[in-house]
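Since the structure comes first, as structure tokens, the remarks are kept for the end.
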Amino acid sequence: MTALLPIILLTVLMIGVIMLVRFSAKSFPALRRKERWLLPLYVSILIACGIILAIVQPFEERLASSGEEKPSSPSLYSYMDEGNPEDIDEAFVREGWDFTYSGEELHIISSPSEELMAPIYVEKVAGMGDAVEVIYYETPLYMDGEDMSEYINPPAVTLSGDGLHIISPDGYEEVELNTFKDPFPFNQFTGRTFMGSENESTVQHGENVVLIRVGEDQTLDLNPDSYINYVR
């Protein structure tokens, strides 16, 4: 019976269209034949699309899908401020660097730019000795549901002399993004707009953090003009 339901509904719909055309022919004899059929056919197509869509994808599923959003990413800053960087999911590790420094004092120097203003955190760890570990964390940046993280360049990290340099990338990378909206029959009854504009784009910003891990006995010199904090 369920398989025959679309055929029955479409048959009833066509009968209604024919009756409506006959009624318009009697009530409005001045209308030409094409004009009598135009509106009923247009209305019948919309109704037919709605019926077919309701069968293929029930209304409840469409309503739920219309409100779907990308899952929110954890706050990297919270992990750092609460002293739990080890709890950050490894999926958010974008780059990593390992160095060895045995000098008396390690200078940490950063050069932030307008593109990457990633805060820098320093963690002193027991048992690391002369090792210096730098980790760049980044949560996804979504634009209209598309992950744009790959277009964000990570910083460059180098150890030169007694200075650990964290250099942010220069300039911007221009990306052209084309999005497509579902046609009206797929949007009806869902609350989604049929016509959109560039002002309706949605952006879900990500977070980025640089973590520097050094031995607990390592003496550090932090540049006061840099965005550097200690992990609590």
Distance in nm between Asp98 and Ile8 label points, each 7 Å along Cα→Cβ, equals 7.0
Rounded to 0.05, the calculated FRET efficiency for the beta carbons of Ile152 and Ala126 at R₀ = 22 Å is 0.10
For Ile167 and Val43, extending 7 Å from Cα along the Cα-Cβ vector and measuring point to point gives, in nm, a value of 7.1
For Val122, the residues 5 or more places away or on another chain with a placed amide H closer than 5 Å to its own amide H are Ile212, Asn229, Tyr230, Val231
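Read-outs throughout are calculated quantities, based only on the coordinates presented, and are distinct from any laboratory measurement. Quantities reported herein were computed from a predicted structural model and do not represent experimental measurements. Cβ sites come from the backbone with ideal geometry, for glycine too, and all protein chains shown count toward neighbours.
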